[in-house]
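Worksheet: the structure to be examined is printed underneath.
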Amino acid sequence: MSEAQVKNYLKNLKIETPSWGYANSGTRFKVFAQPGVPRNAFEKLDDAAVVHKLTASAPSVAVHIPWDSVDDYGSLAKYAHEKGLRIGAVNPNLFQEDDYKLGSIASPDPRTRAKAVTHMIDCVEIAKKLGSDALSLWFPDGTNYPGQDSMFKRQDRVFESLKQVYQAMPESMTMLLEYKFFEPAFYHTDLPDWGTSYVHCLELGPKAQVLVDTGHHAPGTNIEYIVAFLLRQKRLGGFHFNNRNYADDDLMVGSADPFELFLIMFEIVSAGNLAKDVAYMLDQCHNIEPKIPAIMRSIMNVQEATAKALLVDQPALTSAQESGDVLGAHAILMDAFATDVRPLVAEVRQELGGEADPIKAFEESGYQKEINESRASGQSAGWGA
Ligand code: PSV
Ligand code: MN
């Protein structure tokens with residue numbers, strides 16, 4: 001691929017940031033509050049606009065309902081628009097109410113299942129008002145003890161509930177179906193892996209697509225294989241990017257394992273047109289590091305991994321693969337991974353109207369000091385956990 005083609009691909013690569021990444025977050029042990037944290041959905045958009053201004057690569061923001069509930073969704077969409085942004089995926093929250101103790105859509109209680117379905121259908125309506133075309137679903141459903149509930153019946157309940165939501169979606173909307181192998185349930189999980197999500201998506205219809213959260217796999221799982229499989233089946237809806245070392249750590253994507261991110265992006269770029277509708281979203285929490293720079297660092301990591309993936313000499317790789325040259329093929333991949341693409345990616349951001357070094361530009365902008373002062377009073381937004 002020529003340098004111009006690489007640059008062109010990178011210019012079209014847009015990364016959605018999560019509204020909750022700008023808010024206070026923590027572990028189940030402690031939330032360390034940070035200064036200057038937004039107090040509502042509008043202020044989260046203010047921060048997202050700064051990220052987009054400096055990186056020129058993050059024009060959309062995912063929202064979580066009710067964390068981002070407002071009286072008038074039309075005005076939130078308008079505000080986003082005025083800031084050069086749009087609202088991306090709408091994430092219904094089905095994991096923070098007492099009713100969901102035994103699960104949401106798989107709960108043995110029909111009233112709880114109905115409540116969960118109603119909330120998701122409400123979110124379809126909210127998405128319409130926000131101008132969003134993606135409903136992003138993750139469920140906390142599972143059991144803690146053998147015998148606690150029928151795993152067989154729970155699959156039926158999951159499907160019946162999803163079907164109702166699917167039918168309520170407009171033609172233009174995509175249902176992104178996430179999975180996670182454990183937590184908050186520890187014995188079994190109703191949507192534990194990509195295969196389960198994929199089968200439900202197949203049964204639901206073409207508007208249902210698998211969402212790969214890179215943190216939701218057991219150690220050693222080959223995520224790039226999952227990506228290749230889903231791309232070939234035209235069922236890869238998108239990513240929730242983050243870095244995991246142990247479980248669902250939600251650390252900055254590409255921080256501890258940039259090689260994994262490179263291999264994932266290599267499958268994406270190799271798939272060409274099959275990857276054209278894939279959504280690239282961050283799903284991270286910045287518990288101890290400053291949030292806005294951490295989000296920008298993550299975007300830069302995705303850009304750098306993608307640039308390296310684009311630099312793989314595809315014809316040489318194919319020829320090495322087809323002639324059984326194991327070490328030659330591996331070396332071609334590693335050569336691309338070893339390339340320093342930072343100057344190239346910096347140029348791309350500049351040509352887009354952003355900054356070569358967004359983090360330095362942020363530090364020099366004085367924005368953090370400004371929000372530390374203007375948001376000193378009131379209640380900072382948080383996970384609500
Ligand atoms: C669950 O762990 C998850 O990955 C889902 O995407 C939620 O919406 C998100 O995290 C909340 O941070
Ligand atoms: Mn996620």
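Derivation of every value follows stated rules applied to the coordinates shown; laboratory data play no part. All of these numbers come straight from a predicted model, not from anything done at the bench. Here the Cβ is made from the backbone with ideal geometry for all residues, glycine too, and neighbour counts use every protein chain on show.
Any residue at all in the range 280-290 that is more than 13 Å from ligand 1 (Cβ to nearest atom), over 23 Å from T318 (Cβ atoms) and without any contact (Cβ under 8 Å) to a residue 40 or more places away in the chain? Within the range 280-290, one or more residues are more than 13 Å from ligand 1 (Cβ to nearest atom), over 23 Å from T318 (Cβ atoms) and without any contact (Cβ under 8 Å) to a residue 40 or more places away in the chain.
Among the residues making up the range 328-344, a single one is acidic (D, E) and either surrounded by 14 or more Cβ atoms within 10 Å (Cβ to Cβ) or touching a Ser or Thr at 6+ places or on another chain (Cβ under 7 Å) (or both): D335.
Scan the range 88-103 residue by residue and report those that are within 15 Å of ligand 1 (Cβ to nearest atom) and either touching a residue at least 40 places away in the same chain (Cβ under 8 Å) or farther than 27 Å from H188 by Cα (or both). Let's see the steps before the verdict.
Taking the range 88-103 as the starting set, the residues that turn out to be within 15 Å of ligand 1 (Cβ to nearest atom) are 88-97, 100, 103.
Correct list: G88, A89, V90, N91, P92, L94, F95, Q96, Y100, G103.
Quick one: is F186 closer than 30 Å to A23 by Cβ, away from ligand 2 (no atom under 16 Å from the Cβ) and more than 17 Å from the chain's Cα centre (by Cα)? Here the answer is yes, as F186 does meet what is asked.
With the requirement that a residue be under 20 Å from D141 (Cβ atoms) and either of a type in the set (K, R) or out of contact with any helix residue (DSSP H, G or I) (no Cβ under 8 Å at 6 or more places or on another chain) (or both), what does the range 194-236 give you?
Filtering the range 194-236 for residues under 20 Å from D141 (Cβ atoms) gives 194-204, 208-213, 215-218.
The answer is G195, T196, S197, V199, C201, L202, D213, G215, H216, A218.
Filter the range 156-199 down to the residues that are in a helix (DSSP H, G or I) and over 27 Å from D249 (Cα atoms) and list them by number.
Result: D156, R157, F159, E160, S161, L162, K163, Q164, V165, Y166, Q167, A168.
So, N245, is that one touching a Pro at 6+ places or on another chain (Cβ under 9 Å) and away from ligand 2 (no atom under 16 Å from the Cβ) or not?
Numbers: touching a Pro at 6+ places or on another chain (Cβ under 9 Å): yes; away from ligand 2 (no atom under 16 Å from the Cβ): yes.
Answer is yes for this residue.
Of the residues in the range 309-327, how many are surrounded by fewer than 17 Cβ atoms within 10 Å (Cβ to Cβ), part of a helix (DSSP H, G or I) and in contact (Cβ under 8 Å) with a residue 12 or more places away in the chain? Walk me through how you get there before you give the answer.
Restricting attention to the range 309-327, the residues satisfying the condition of being surrounded by fewer than 17 Cβ atoms within 10 Å (Cβ to Cβ) are 313-316, 318-319, 321-327.
The next check asks that each one be part of a helix (DSSP H, G or I); those that pass are 314-316, 318-319, 321-322, 326-327.
Applying the additional criterion that residues be in contact (Cβ under 8 Å) with a residue 12 or more places away in the chain yields 314, 316.
Residues flagged as surrounded by fewer than 17 Cβ atoms within 10 Å (Cβ to Cβ), part of a helix (DSSP H, G or I) and in contact (Cβ under 8 Å) with a residue 12 or more places away in the chain within the range 309-327 amount to 2.
Would you confirm whether any residue within the range 146-157 is surrounded by 18 or more Cβ atoms within 10 Å (Cβ to Cβ), more than 18 Å from L94 (Cα to Cα) and in contact with a strand residue (DSSP E or B) (Cβ under 8 Å, 6 or more places away or on another chain)? Scanning the range 146-157 turns up at least one residue that is surrounded by 18 or more Cβ atoms within 10 Å (Cβ to Cβ), more than 18 Å from L94 (Cα to Cα) and in contact with a strand residue (DSSP E or B) (Cβ under 8 Å, 6 or more places away or on another chain).
Among the residues of the range 366-381, which ones are surrounded by fewer than 16 Cβ atoms within 10 Å (Cβ to Cβ) and either without any contact (Cβ under 8 Å) to a residue 12 or more places away in the chain or not in a loop (DSSP other than H, G, I, E, B) (or both)? Listed by number, the residues that qualify are G366, K369, E370, N372, E373, S374, S377.
Scoring T306 on the criteria (1) surrounded by 23 or more Cβ atoms within 10 Å (Cβ to Cβ); (2) farther than 26 Å from I15 by Cβ; (3) of a type in the set (S, T, N, Q) leaves a single failure, condition (2).
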